[in-house]
Amino acid sequence: MTGSAKKIISWVIKAVILILAFTFIYRRLNNNHELIQFRELIFKVDRLNAIVIIILIVLLMLVNWLLEAMKWRYLTQKWSPITLWQAIESVFCGLTLAIFTPNRFGEYGGRVMFLPPRRRIHGVFAMAVGSFGQNVVTSVSGASALLWFIYYFLNVNKWLYIGLLTTGIGFMLLMLIFYFNVRWLVYLLNSVPFLKKYHRFFDVMKRYRFPELLHIMGYCVARFATFSFQYYLIIHLLLPEIPMAQMMLLIFVFFFIQSALPTIDVVDIGVRSATADKLFEYVTNQHIVVIAAVSLIWFTNLIIPAILGSVFVLKVKFFDNNI
């Protein structure tokens, strides 16, 4: 293939990605009544407080994705070092691709395209380690909060609750043990006959030792605290009567359930809203407020970064001969 043909195909791919992303975003925002409801609700609270909270939420969005970029840079430093700015570019580019792909699968492609061609598959498995760490934080905190939720709000049989408690604790311990021994997954994958030929890619995960996994977990915890605080700020602004402890635990349960549901970012808001509404009805009957608050965070954390990331899509090299 000639250099001119590669350039043409590369630009066509970029154009298709951007058209798909902006089409999905436009359709979702054009039909998002929750954001309109939020705008109406926000006028009912103190204007200065509302402005300060919204600014803080946007700043926390930037902090959240900066932490993710720092984690991504740390994950790649063993075999394909990148600068912090390159990590930021790749993270935002990945968010643009994630907006219209199931289970955010496009996020992997967006990130690794900023790596040298022969390191891109390695990047997929390195990112899997980071994603697993984030999932462990969400699962452990969410499972703990879910056990509280069942005890506090659901009138279950004592023995049934003991069984759920035992299962929940076992689940949390297994998640932590498996994460800090991620090499077990490598051995499992290498034991599958038709996967053995890919062992050099699986071995990427095996190279992360306990101190490094602990470092990665630190980024995951910091991110979790950041977007949890975003939810607290907006819900507390609109529903200050909900006790902080109850609110945070319900938010943790919400994250836990959300992480287990397969969806696409751009239509994810409907699932998020329904889940949050069902959980928060145990502490408030302000359904519209909860749905509107969730919509604002969805727009801030996913739609705005996806729009920003469209700039970096143009920098992707689909036919890079460098190795």
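Odds and ends about this structure:
- Length available on full extension from TYR232 to THR23: 0.36 nm per residue minus the Cα-Cα distance, which gives 72.1 nm.
- Of LYS158/LYS278; LYS71/LYS315; LYS206/LYS278, pairs whose Cα-Cα distance is over 29 Å: LYS206/LYS278
- Accessible surface of VAL63 - all protein chains present, 1.4 Å probe, nearest 10 Å²: 70 Å²
- Zone residues, segment 166-186, relative to ALA260, backbone N less than 19 Å from point 7 Å out along Cα-to-Cβ: 166-179
The values are calculated or read from the model by the stated rules, or taken from the named source; none is laboratory data. Remember, it's a predicted structure, so these values are computed and weren't measured experimentally. No Cβ is skipped: glycine too gets one built from the backbone with ideal geometry, and neighbour counts run over all protein chains shown. Side chains are part of the model used for accessible areas, which takes the heavy atoms of the whole protein and leaves out ligands, DNA and RNA. Shrake-Rupley method; radii C 1.70, N 1.55, O 1.52, S 1.80 Å.
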